[in-house]
Amino acid sequence: MRYGFKNMGNTQLWSMFSRIPFPILIIAGADDKTMPMREAPNWLQENPKTFWQKAARLNPKDKVKIIENCGHMSNIEYPQIVNQAIDQFLASS
C-alpha cells in the first residue's frame, strides 16, 4: 500500500486517469481507513470520498460510487450496492 501511494504522488501516474480511453467505475467506501492518506503527498491528504471523486473527474467518462458507512471491503460489506453499481455502469457504457 505505501509503495502505491508514494507513486500516486507521481504526476505521471496520477495523469493516467485522464489518458485511459475508456470509462472507469470507481467504487469506494466513504469510511475506508485502510488507505494510508496520512503518508500520501500533501495534495492527497484528504478523506477517501474526496480523493476518489477528484480521481473520477480527471476523465469525464469515469463514474464514481462512494458507499456511505462502508470501509475498505465494499464488495463484502455491501455486495448488493456494489453489484447494482456495476450493472448500472455496464448498462450505460
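Some values worked out for this structure:
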quantity	calculated
Under 16 Å from the Cα of K33 - lysines, other chains or at least 8 residues apart	K49
Label-to-label distance, nm, for residues given as K33 and L58 (7 Å Cα→Cβ offset)	2.8 nm
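Read-outs throughout are calculated quantities, based only on the coordinates presented, and are distinct from any laboratory measurement. Just so you know, these numbers come straight off a predicted model, no measurement behind them. Using ideal geometry, Cβ is built from the backbone for each residue, glycine included, and neighbour counts are taken over all protein chains shown.
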